[in-house]
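The values are calculated or read from the model by the stated rules, or taken from the named source; none is laboratory data. For clarity, every value in this text was computed on a predicted model and none was experimentally measured. Because the Cβ atoms are built from the backbone with ideal geometry, glycine has one as well, and the counts that use them run over all protein chains shown.
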Amino acid sequence: MFKKNYTGFNRAEFFSPHPHSPRRTAFTLAEVLITLGVIGVVATLTLPTLMQNYQKQVTINRLKHAYSVISNTLKRAEADYGNITEWGLTENSWKEYETNSVLSDIQAFAEKYMRPYLVGTEYKFCTIKDWGYKTPIKNMDGSIYSSLTGRLPGFRLNNGTIVFMNVQSYTTTGPNGEKYLAEYDFYIDIDGPNGQNTFGKDIFSAMLPFANNTRFLFKQTFRLNKGENIMRLDKYTRAQTLENCKTKGTLCGTLIQQDGWQMKDDYPW
């Protein structure tokens, strides 16, 4: 009888893969868990920064859009009423502040030079509360800038941005401390009543001074000599503008524009 001889049988060679075949590898459960843990830590560290950068960019884009809309609106009004320097704005220059006349004047300006050219927008002359605000408008340092009960002309743009108009005044340093009108202010709230309602965060200030050389621009300080009515902007350094942005927030729009429409690393976000 024929007998098989297994004495030369090499189990190692029998079960070894072919020397030219690819070697199969796999991750252990521990390695998978460690990898997922590392990914989780990295995501935890980077996600807030990514979200913050995204929110900054959305804010800048909306601010830039609103600034362009207002600028173009005034230019369209100029086609009907002549150059903005001929609209009689200097009649308000050096006029003493009186609440009722101020409200009447600003309403008339908004409805004559703004409302007809902002097609498709919602217009109201009402309190901030009537727009749905639950908290007042604040400065960057948390102090109250405008209460909920102040009546102002306002426009809601198609993307939800609300633009309020107001009249800014200043007080003289003389013995009587007279209060004179200085400019029309524009408060650009890029997310309406849903945000922080804070200058420099989601509200930015622009202006139209009562001067012979007036133009629409982000909020700045200026000097106006009586009888001359020529606006001379104060030449702030970037550090001075940044300091105001960190405390009050009213010059934050100017800072963003001067920095090339961006929020640099030192912006008080």
Quiz item: Could we say that residue 64 is in a helix (DSSP H, G or I), modelled with pLDDT of 90 or more, within 18 Å of residue 201 (Cβ to Cβ) and not small (Gly, Ala, Ser) here?
Solution: yes
Self-check item: Where a residue in region 185-204 is closer than 19 Å to residue 130 by Cβ and its partner, wherever it lies, is of a type in the set (Lys, Arg) and surrounded by fewer than 22 Cβ atoms within 10 Å (Cβ to Cβ), with Cβ under 8 Å and at least six apart
Solution: 191/62; 192/156; 193/134; 195/201; 197/138
Practice problem: Determine whether region 155-166 contains at least one residue that is crowded, with 22+ Cβ neighbours inside 10 Å, in contact (Cβ under 8 Å) with a residue 40 or more places away in the chain, under 24 Å from residue 114 (Cα atoms) and not hydroxyl-bearing (Ser, Thr, Tyr). | Solution: yes
Practice problem: Mind telling me which of the residues 124, 112, 134 ends up being of a type in the set (Lys, Arg) and part of a loop (DSSP other than H, G, I, E, B)? | Solution: 134
Quiz prompt | All positions within region 226-269 that are of a type in the set (Lys, Arg) and in contact (Cβ under 8 Å) with a residue 60 or more places away in the chain | solution = 226, 246, 248
Quiz item: Applying the selection to region 211-225, what residues are in contact (Cβ under 8 Å) with a residue 40 or more places away in the chain and either closer than 25 Å to residue 64 by Cα or not in a loop (DSSP other than H, G, I, E, B) (or both)?
Solution: 211, 213, 214, 215, 216, 218, 224
Quiz item: Among the residues of region 80-126, which ones are more than 28 Å from residue 226 (Cα to Cα), without any contact (Cβ under 8 Å) to a residue 40 or more places away in the chain and within 29 Å of the chain's Cα centre (by Cα)?
Solution: 116, 119, 120, 121, 122, 123, 124, 125, 126
Quiz item: Out of curiosity, is residue 264 surrounded by 17 or more Cβ atoms within 10 Å (Cβ to Cβ), in a loop (DSSP other than H, G, I, E, B), within 15 Å of the chain's Cα centre (by Cα) and not polar (S, T, N, Q)?
Solution: no
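Residue by residue, here is whether (1) surrounded by fewer than 18 Cβ atoms within 10 Å (Cβ to Cβ); (2) at pLDDT below 95; (3) assigned to a loop (DSSP other than H, G, I, E, B); (4) not basic (Lys, Arg) holds:
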site	(1), (2), (3), (4)
236	yes, yes, yes, yes
240	yes, no, no, yes
244	no, no, no, yes
253	no, no, no, yes
260	yes, no, yes, yes
269	yes, yes, yes, yes
Quiz item: Hey, among the residues in region 153-171 that are modelled with pLDDT of 95 or more and among the aliphatic types (A, V, I, L, M), which one's farthest from residue 65 (Cα to Cα)?
Solution: 165
